[in-house]
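All of the numbers you see were taken from the coordinates with simple rules; none came from a lab. Computed from a predicted structure; not experimentally measured. Counting neighbours? That spans all protein chains shown, and the Cβs are built from the backbone with ideal geometry, glycine included.
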Amino acid sequence: MTARDVWPILLFGAVAALLPVFVTAGTLLNFAIFTLIICLAAQGWNILGGFGGQYSFGHAAFFGTGAYTAAVLQVRYGVNPYVTFLAGIALAAIVGWIIGFLSFRSGLRGSYFALVTLAFAEVFRVLSNAVEFTGGAAGLLIPLDARAANFQFESRGWFYLVVLALVVLALLMTRALERSRLGAQLVAVRENEDAARAVGVDALRVKLSAITLSAAMTGAAGGLYAQYFLYLDSTIAYGTWISVEALLAPIIGGAGTVFGPVIGAVILHTLAEVTRMMVGRIPGIDLVIFGVLLILVVRFPPRNLLAWLRGRR
Amino acid sequence: MRNFPPEIVMEAVANGLLTGAVYGLVALGLTLVYGVLHIINFAHGALLTLAMYAAWVAWAAFGLDPYIAILPLVPIFFVLGYGVQRLVIGPASRGEDSNILLVTLGLSILLENAMLAIFRSDTLSVQVDYAMEVVELGPMLLSFPRVVGFGVAFVVAAVLFVLLRMTDTGRAIRAVAKERTGAALVGIDVRHVYAVTFGIGTACLAVAACLLLPSFYVNPRVGNAFVLVAFTIVVLGGMGSVPGALLGGLVIGVVESLSGLYLGDSLGQLGIFVIFILVLLFKPTGLFGAKA
Amino acid sequence: MSFLEIRNVSMRFGGLMAVSDASFDVAEGSITGLIGPNGAGKTTLFAIVSGFQKPTSGQVLWRGKEITSRPPHVLAAEGLSRTFQIVQPFAGLSVRENIAVGAFLRHRRRADAIALAEQVAEQVGLTAELDKPAAALTVSGRKRVELGKALATQPKLLLLDEVLAGLNPSEVRDIVPVVRAIRDSGVTVLMIEHVMQAVMNLCESVHVLAQGRIIASGTPAEVVATPAVVEAYLGHGAATRLSGGAHA
């Protein structure tokens with residue numbers, strides 16, 4: 001990585017870090033924290049889907065695993081939340097590797113990969129809803145104990161900075177991936193798997209590395225979610241909503257680019273917020289807009305739009 | 001594992017078969033679209049939800065019995081499906097697999113949440129006097145709406161079969177399914193055939209919705225419960241195979257009913273997902289089975 | 001011990017014998033041609049040698065070691081690289097990035113891979129197109145990218161599947177010296193080719209595949225004089241008709 005690769009990310013981090021200085025309104029910080037958590041989950045999706053071209057419809061499997069591990073270990077076994085957060089990332093990565101191993105070894109691609117990831121996430125959802133261990137249908141409450149040593153903060157501003165730091169870290173990791181051999185091979189697999197194998201790319205290994213890293217990142221987002229909202233149930237942790245959010249943000253903002261997920265998440269959530277302000281709290285209305293936006297983005301790819309605009313000038 | 005008396009198990013099997021036939025009908029639309037367009041329609045579940053709301057509105061606003069509502073809803077949903085393929089999915093996807101994936105996902109998000117915005121998340125159902133009636137079959141008591149559903153599902157499958165075999169449209173559909181370029185060369189309008197197929201698939205959902213409504217409920221997410229089941233059936237029966245869809249539906253209906261009996265309702269769904277994953281992972285040949 | 005040995009390789013697809021009991025050797029440092037009419041099984045044989053398909057029976061030996069059915073990426077690492085008859089560029093990537101994917105095989109650092117990619121691009125005459133997307137190139141450009149990707153893996157044996165097909169005569173004339181230079185740099189070349197002028201020009205030895213069988217082997221001049229070869233291309237009886245015509 002060169003300085004040119006890194007400075008836009010650091011600049012983004014520095015500017016975003018100023019937000020709590022100017023904004024103290026709880027709702028706005030709340031919004032910013034939630035959007036950053038989505039950025040992290042989406043960056044995870046972007047590594048596998050954007051760079052690797054393997055479209056998962058079930059990233060909830062990783063988000064939920066990160067979230068539940070963080071929550072269950074501290075609530076049931078009193079493990080330090082920082083440790084459970086890391087454990088959540090590790091377990092999500094393992095789940096990612098296993099799902100990847102099973103599906104990629106069977107040669108599942110395209111729609112079939114999307115379907116099988118969706119099904120895995122659903123299996124986790126049904127299981128976590130049924131067993132006592134995760135609090136079942138009633139969900140799991142992390143007791144409020146706002147101390148920094150406890151990964152809970154008195155002020156939202158601090159939590160915001162922690163999440164932001166992790167998002168910046170994820171951006172740096174994605175940039176490093178983009179510039180690495182693994183990144184080049186991953187993109188090659190996306191563009192043409194047979195051609196990649198012919199020039200010595202071990203496609204299975206590359207895809208497995210990608211899904212493991214991808215799952216870890218989305219798992220980290222899940223852990224942060226649990227730590228911030230202090231409540232989980234099966235439809236939050238393993239629900240389709242997060243699979244959809246994780247996929248939409250990179251697609252809208254630019255799949256396979258470092259900043260795509262951040263841009264997409266900010267656009268989507270700002271749009272949702274504005275809609276809510278304009279038409280009131282009609283359930284589902286934000287997602288209606290997301291759906292329309294998704295279709296439009298596929299119909300009129302932003303890259304083509306930019307080219308078209310340039311051509312007209 | 002608990003031990004149930006044989007008549008309870010038999011009744012569970014029979015109920016599974018009855019529900020399974022309607023599952024088969026839902027899967028029929030999906031498999032037909034796959035067999036001809038070679039796309040996996042992720043909006044299938046949301047379209048089913050839409051059809052169920054349509055049937056509910058027909059009952060609540062116009063007093064139409066759900067079985068009668070089949071008559072107006074089938075043409076309406078055929079046209080809807082035709083339009084969706086012709087105006088949305090076709091142009092947006094430009095034939096790329098990943099685009100189709102995203103467009104149909106976008107469509108399903110859009111439809112599901114539009115219904116959430118309009119009808120809210122309340123669960124709605126229709127009250128008809130035959131909803132609770134039962135049909136006696138030997139020692140078993142079977143729910144009347146489910147028996148009707150079973151019968152009609154088979155009638156629809158037979159009609160579809162005849163349509164595909166005997167009519168010019170059916171022959172064009174099969175030609176496109178087998179060899180798109182060749183079909184285009186002999187003058188078949190492939191885009192039209194695609195849209196017709198999608199329309200038929202959607203019309204199947206309208207029938208399924210009307211059959212389900214008397215014994216089921218509607219909420220914005222109800223289609224999701226069916227869509228993974230339908231995917232499982234389609235994968236199991238061989239992507240694109242019409243008889244496979246029906247047979248797969250019956251099998252899955254029984255599996256669901258039995259695993260519900262033995263594992264309880266919430267874990268009961270697991271049986272289907274596990275079958276689905278196993279078939280996808282270990283018998284991918286089932287995926288590329290017979291074409292429509 | 002030969003450099004590459006193909007021993008009794010057969011490949012059956014259902015009722016069709018695409019390759020049947022084919023055997024031949026490739027000598028180190030040579031340019032060896034594999035020719036034959038369309039549908040003779042040449043590309044299938046390539047797919048077997050490069051690990052994309054498992055033969056129904058038979059063996060492929062690489063410097064005395066059996067490599068039958070090893071996956072393509074392992075073979076590439078061993079020094080066996082192929083191009084595709086239907087070019088397979090990484091369509092969304094630039095020419096530089098396309099070739100760099102191959103270069104990454106033996107170079108972990110990006111800077112090294114890019115440097116090698118640029119060097120290879122010069123070798124195949126793509127320096128001016130380095131920043132263009134591969135999808136935007138002409139047929140001849142894409143063939144060069146195909147060649148460049150394979151070459152960037154720094155192979156010992158290069159399998160070229162019709163790199164000259166679809167090129168006009170002047171483009172063929174431009175690429176022929178490129179292939180010769182590759183061999184002169186120490187890379188053994190096995191090429192499937194239809195352009196006979198190039199085969200006669202480049203290859204030291206040629207094997208002819210017809211209906212899945214090797215029907216002739218030798219120098220290009222010997223092979224084209226073999227009646228079986230003439231018949232394979234022009235139909236049964238053609239050899240006698242031609243020689244008869246010459247007498248008359």
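Summary of computed values
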{"item": "Cβ neighbours within 10 Å from other chains - mean over A:97-104", "result": "1"}
{"item": "Nearest 10 degrees, 0 to 90: helix B:97-119 Cα axis against chain B principal axis", "result": "50"}
{"item": "Amide proton proximity set for C:ARG63, modelled H, under 5 Å, gap of 5+", "result": "C:LEU4, C:GLU5"}
{"item": "10 Å Cβ neighbours from other chains, averaged over peptide A:108-120", "result": "6"}
{"item": "For the stretch A:230-245, 3J(HN,Hα) per residue [Karplus equation, 6.51 cos²θ - 1.76 cosθ + 1.60, θ = phi - 60°, Hz, x = Gly/Pro]", "result": "6, 8, 9, 9, 5, 7, 6, 6, 10, x, 5, 3, 6, 4, 5, 4"}
{"item": "Burial ordering of A:TRP7, B:TRP59, fewest other beta-carbon atoms within 10 Å first", "result": "A:TRP7, B:TRP59"}
{"item": "GNM flexibility winner over chain B from B:THR197, B:THR123, B:THR19 (Cα, springs under 10 Å)", "result": "B:THR123"}
{"item": "Built amide H within the under 5 Å cut-off of C:SER20, gap 5+", "result": "C:MET11, C:ARG213"}
{"item": "Tilt relative to chain B, helix B:144-166 - C-alpha long axis, 0 to 90 degrees, to 10", "result": "20"}
{"item": "Residue order, fewest to most beta carbons within 10 Å, for B:CYS204, C:CYS203", "result": "C:CYS203, B:CYS204"}
{"item": "Distant-in-sequence amide H partners of A:TYR55 (H built 1.01 Å from N, under 5 Å)", "result": "A:GLY110"}
{"item": "Cβ charges +1 (Lys, Arg) and -1 (Asp, Glu), total dipole of the protein assembly as shown, debye", "result": "1380"}
{"item": "Signed unit charges on C-beta, dipole axis of the protein assembly as shown, positive-most listed residue B:PHE276, A:ALA148, B:TYR130", "result": "A:ALA148"}
{"item": "Number of partner chain Cβ atoms within 10 Å, mean per residue of B:96-103", "result": "6"}
{"item": "³J(HN,Hα) computed for each position of the stretch C:109-120 - Karplus, 6.51 cos²θ - 1.76 cosθ + 1.60, integer Hz, glycine/proline x", "result": "7, 4, 4, 5, 4, 5, 4, 5, 4, 5, 5, 5"}
{"item": "Antiparallel bridge percentage (DSSP; both residues within chain C; nearest 5)", "result": "55"}
{"item": "Karplus 3J(HN,Hα) series, Hz, for the stretch A:14-20 with 6.51 cos²θ - 1.76 cosθ + 1.60 (x for Gly, Pro)", "result": "5, 5, 5, 5, 6, 3, x"}
{"item": "Rounded if a/c under 1.5, otherwise prolate or oblate - the stretch B:197-292, Cα gyration tensor axes", "result": "oblate"}
{"item": "Angle between chain B longest axis and helix B:66-83 axis [Cα atoms, degrees, rounded to 10]", "result": "30"}
